[in-house]
Structures are given as structure tokens and as C-alpha cells.
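Mind looking over this structure? Questions follow.
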Amino acid sequence: MEDHIRELLSRYQYSEEVKEAAAFRVLFGGEDAKDIMQELGVHNVKTIHHWVTDYQRKIEQGLISLPPMTEKQKQNLEALKQRNKQLEKSLEEANLMILALHTMIEVAEKDLKISIRKKSGTKRS
């Protein structure tokens, strides 16, 4: 019985590389999630969509940078427009993150009297 349960669990476990590759193919390759599901032997198309959502979240959080465009994508005006929107969104989120970090440093230095930023003119060892 335990072997049967282990077999079932291992059948539905995929490496992060497989998940990210599948999500990449859907997002940037324009492939159909159902085709990828069948090719990989994934039990449900919702699983692929879940991987895509996770991959998008990682991109938004800066954990994964946007991959370079292929030559075919560079020739496609719609793909270029979509890429431009993605880059603008990424830049906006990065700027918000920078603002939040600077604000946190300023609050820590002022309210908590913690010196965080390196003062100009300090000597290095």
C-alpha cells in the first residue's frame, strides 16, 4: 500500500526546472497549455496554469528576470508591444522597491538612530 502511495506522489511531482520551462513556453513561446500538459504527462491543465501564475509572480517580484526575446518575437509587433508593457511594469515595480528601501533606511537612521549608509570620505581597510 505504501509503495502505491509513493508511486502516486512521485508521478505528480515535477522539478522546478520543468515547471519553469513549461511556464516559459506558455508565456513567451505562445504554446498551448494543453499541448504541454500532454507532452509532459501532467494530469491537469490547471496545473500548467498554476505554474504560469507562479512564474509570473516570480518575475514580478524580481526573482526571475525577463528572458531575451527570440528573433521571431522581435519581428512580431504584438510581441514587442507586450514585451514593452512587461518591461514598463517591471521598471515601475523596481522603482517602487527602491523607494521603499530608501524610506526604510531613512526611518531607521532617523528614528532608531542606526547608521546604515556609508558616509562619504570614510576610509577603507
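Name the residues in the range 16-61 that are over 29 Å from E71 (Cβ atoms) and small (G, A, S), would you?
Once the filter is applied, which keeps residues that are over 29 Å from E71 (Cβ atoms) and small (G, A, S), the range 16-61 yields only G41.
Can I ask one more? Of (1) over 12 Å from the mean Cα position of the chain (by Cα); (2) surrounded by 11 or more Cβ atoms within 10 Å (Cβ to Cβ); (3) at pLDDT below 85, L8 satisfies all except one. Which?
The failed condition is (2).
Here are some residues: L99, L66, L77, L91. Which one is open to solvent by less than 90 Å² (accessible area, probe 1.4 Å) and aliphatic (A, V, I, L, M)?
The match here is L66.
Another question, then. Going through the range 20-51 one residue at a time, which ones are of a type in the set (G, A, S) and either closer than 18 Å to K72 by Cα or open to solvent by 30 Å² or more (accessible area, probe 1.4 Å) (or both)?
Correct list: A21, G29, G30, G41.
Across the range 105-116, what is the total count of residues that are modelled with pLDDT under 85 and surrounded by 10 or more Cβ atoms within 10 Å (Cβ to Cβ)?
2
Yes or no, residue by residue, for (1) within 24 Å of K19 (Cβ to Cβ); (2) touching a residue at least 24 places away in the same chain (Cβ under 8 Å); (3) out of contact with any helix residue (DSSP H, G or I) (no Cβ under 9 Å at 6 or more places or on another chain):
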position: I36; (1), (2), (3): yes, no, no
position: L40; (1), (2), (3): yes, yes, no
position: W51; (1), (2), (3): yes, yes, no
position: I59; (1), (2), (3): yes, yes, no
position: K81; (1), (2), (3): no, no, yes
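The values are calculated or read from the model by the stated rules, or taken from the named source; none is laboratory data. Owing to the predicted nature of the structure, the values given are computational and were not obtained by experimental measurement. Cβ coordinates were reconstructed from backbone atoms using ideal geometry, including for glycine residues, and neighbour counts include every protein chain displayed. Ligands, DNA and RNA are stripped out before the accessible areas are found, and what is left, the full protein with its side chains, is counted by its heavy atoms. Shrake-Rupley method; radii C 1.70, N 1.55, O 1.52, S 1.80 Å.
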